[in-house]
1. Amide H neighbours of Leu104 under 5 Å, at least 5 residues apart or on other chains, H built in the peptide plane: list them.
2. Quick one: which residues, 5 or more positions from Val145 or on another chain, have an amide H under 5 Å from its amide H? H modelled 1.01 Å from N in the peptide plane, none for Pro or chain starts.
3. For every helix of n ≥ 4 consecutive DSSP H residues, a contribution of -39,500 (n - 2.57) applies; sum these over the chain, divide by its total residues, and give [θ] at 222 nm rounded to the nearest 500 deg cm²/dmol.
4. Taking the Cα-to-Cβ direction at Asn70 and at Glu146 and moving 7 Å from each Cα, how far apart do the two end points lie in nm?
5. Using a Gaussian network model of the chain whose springs link C-alpha atoms within less than 10 Å, name the residue from Asn35, Asn128, Asn70 with the highest mean-square fluctuation.
6. If amide H atoms are built 1.01 Å from N in the plane of the peptide, which residues on other chains or at least 5 residues away come under 5 Å of the amide H of Ser31?
7. Over region 1-84, calculate the relative contact order: mean separation of alpha carbon pairs under 8 Å at least 6 apart, over the residue count, as a percent.
8. Whole angstrom only: what separates the Cα centroid of region 1-47 from the Cα centroid of region 107-149?
Amino acid sequence: MKLHNLKPAEGSVHKVKRLGRGEASGKGGTSTKGNKGGQSRAGYKSKMAHEGGQMPIQRRVPKRGFKNINRVEYAVFNLGQIEKLNEKYGFETFSVENLYINGLISKTDKVKVLGTGELTIKLAFQVNAISAKAKTAIEAAGGTVEIVK
């Protein structure tokens with residue numbers, strides 16, 4: 001096989017339809033676009049979500065609820081998870097920086113600790129928020145809690 005022998009596979013290449021090249025071509029006159037209306041004109045572009053006069057879906061479907069722009073999203077860690085993470089990563093302090101360095105959260109995430117599970121190890125916590133149950137469990141295990149803004 002050489003470069004001058006190469007040909008496309010049978011049936012893979014189609015002839016281009018030449019539109020608007022006279023009535024004899026069968027594709028002249030309106031160039032297969034039909035008569036009149038926006039779609040037959042040059043530069044036509046349909047509006048997004050236009051359904052040809054039918055009531056669009058975003059107006060048919062009822063709206064529910066709202067999105068609170070003041071909501072603060074947290075990356076949540078339970079005490080049981082922290083125990084397992086400490087076994088894996090060997091944290092001396094459970095802080096936002098340590099979690100980011102180990103790839104557990106992104107740079108802008110805020111961290112909240114919740115009280116589900118058991119904590120048996122002594123750890124220093126530097127987090128953005130903590131539940132009351134988690135705080136008592138950490139202090140009972142001999143750890144410290146510092147809230148970071």
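1. Those lying under 5 Å, H to H, from Leu104: there are none.
2. Phe125
3. Calculated at 222 nm, the ellipticity per residue is -5000 deg cm²/dmol.
4. According to this spin-label approximation, the distance is 3.0 nm.
5. It is Asn35.
6. Placed amide hydrogens put Gly20 under 5 Å from Ser31.
7. The normalised contact order for region 1-84 reaches 9 percent.
8. Computed from Cα coordinates, the inter-centre distance equals 67 Å.
Rule-based calculations on the coordinates, nothing more; no lab input. Computed from a predicted structure; not experimentally measured. All Cβ positions, glycine included, derive from the backbone under ideal geometry; neighbour counts span all protein chains shown.
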